[in-house]
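The values are calculated or read from the model by the stated rules, or taken from the named source; none is laboratory data. Model, not experiment: these values are computed from the prediction. Positions of Cβ are generated from backbone atoms using ideal geometry, with glycine treated the same way; all protein chains shown enter the neighbour counts. For the accessible areas, the whole protein counts, side chains as well, though only heavy atoms, and no ligand, DNA or RNA atoms are used. Shrake-Rupley method; radii C 1.70, N 1.55, O 1.52, S 1.80 Å.
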Amino acid sequence: MRAFSQIMFVILLWMPASHVYANNTRFLPGDAFYYIRLNLKEIQKFQNVESPLFAYGNHWNGGFGCGYWGFDELQLLQMPAETRRALLETYRELQPEIEKNENLLGKMSVFVYNKDYDWQKYGLGLQYNENWLDESVDLGMSRDHARLESFVEKPSSINQNRKYSKEIPALKVKLPKRPQDKPLSWTAHPVRLNCAQCQLLIIPDREFDHYVHPRDGLKVIRIVDGKRSVFHCSKGKWVADSEQK
């Protein structure tokens with residue numbers, strides 16, 4: 001235990017001050033998506049649960065030293081059995097690829113977007129939330145320590161996030177009732193979304209920049225209303241497997 005503490009102390013000294021004191025942000029009310037990571041056991045566990053709860057996923061194996069903010073649970077209401085089975089089928093399809101990368105810890109990435117979100121045009125992993133700073137402060141975060149929890153790193157991806165932030169609607173979740181006496185306990189309750197209002201977009205990895213400006217060979221699996229569609233990137237465009245010749 002002492003050795004672990006010494007290692008963590010060295011890591012904190014090495015990290016820039018702006019990172020040491022930065023926050024870890026979960027789902028904010030204006031975000032375009034909710035992010036989930038699932039392994040096989042987790043998917044098997046909710047096969048008989050009509051309205052399962054999902055924790056917000058880590059987009060990298062690490063964290064910052066100034067706490068966690070935002071909503072960290074989503075309840076998908078009235079999830080059809082077909083959708084639950086489709087998630088299980090998707091994991092089994094992607095499992096060989098997931099297991100090749102130890103950094104993934106055996107989990108696939110699942111994005112919950114509004115059903116009408118044009119993911120082929122606007123990509124995956126961009127929050128498109130122009131109000132993220134005000135929302136973060138409203139949840140109790142220090143404005144000085146607030147940072148955008150970006151899933152992407154490339155300047156072209158970050159620029160797209162800014163460019164279209166006013167055009168993309170927020171995920172249509174129902175927020176919990178905000179208590180007046182303990183306002184900071186607001187995020188201790190899950191946000192809720194009817195499964196019929198959303199689409200699930202699934203990738204095997206966490207290389208999110210690749211899905212903003214896609215490269216040939218990438219795969220995205222879409223589940224909506226219990227139906228699965230598999231897309232591959234070919235010549236810079238997403239093509240459904242049924243459309244490929």
> Among the candidates VAL112, VAL137, which residue alone is out of contact with any helix residue (DSSP H, G or I) (no Cβ under 6 Å at 6 or more places or on another chain) and outside any helix (DSSP H, G or I)?
Replying inline: VAL112
>> Restricting to region 203-242, name every residue that is more than 21 Å from LYS107 (Cβ to Cβ), free of Cβ contacts under 8 Å to residues at least 24 places away in the same chain and of a type in the set (A, V, I, L, M, F, W, C).
In response: CYS233, VAL239, ALA240
> What are the residues in region 220-245 that are surrounded by fewer than 18 Cβ atoms within 10 Å (Cβ to Cβ) and within 23 Å of PRO155 (Cα to Cα), if any?
Replying inline: LYS235, GLY236, LYS237
> Can you tell me which residues in region 204-237 are basic (Lys, Arg) and touching a strand residue (DSSP E or B) at 6+ places or on another chain (Cβ under 9 Å)?
Replying inline: ARG206, ARG215, LYS219, ARG222, ARG228
> For region 1-55, how many residues meet the condition of being modelled with pLDDT of 90 or more and assigned to a loop (DSSP other than H, G, I, E, B)?
Replying inline: 14
> Out of all the residues in region 61-73, is one or more in a helix (DSSP H, G or I) and within 18 Å of the chain's Cα centre (by Cα)?
Replying inline: no
> Do you know which of the residues in region 149-170 that are within 23 Å of TYR68 (Cβ to Cβ), assigned to a loop (DSSP other than H, G, I, E, B) and out of contact with any Phe, Trp or Tyr (no Cβ under 6 Å at 6 or more places or on another chain) is modelled with the highest pLDDT?
Replying inline: ALA170
> Looking at ASP144, is it over 15 Å from the mean Cα position of the chain (by Cα), assigned to a loop (DSSP other than H, G, I, E, B), under 24 Å from ALA196 (Cβ atoms) and among the acidic types (Asp, Glu)?
Replying inline: no
>> Quick check on region 176-193. Is at least one of its residues at pLDDT 95 or above, open to solvent by 50 Å² or more (accessible area, probe 1.4 Å), closer than 27 Å to PRO80 by Cβ and not charged (D, E, K, R)?
In response: no
> Among (1) touching a residue at least 40 places away in the same chain (Cβ under 8 Å); (2) within 24 Å of ASP205 (Cα to Cα), where does LEU139 come up short?
Replying inline: (2)
> Considering GLU167, GLU149, GLU207, which residue is closer than 23 Å to GLY57 by Cα and open to solvent by 80 Å² or more (accessible area, probe 1.4 Å)?
Replying inline: GLU207
> Could you list, in sequence order, the residues of region 96-136 that are in contact with a Ser or Thr (Cβ under 7 Å, 6 or more places away or on another chain) and open to solvent by 80 Å² or more (accessible area, probe 1.4 Å)?
Replying inline: GLU130
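Looking only at region 194-204, filter to residues that are part of a helix (DSSP H, G or I) and more than 26 Å from ASP138 (Cβ to Cβ); which one of those is most open to solvent (accessible area, probe 1.4 Å)?
Filtering first and then ranking leaves ALA196.
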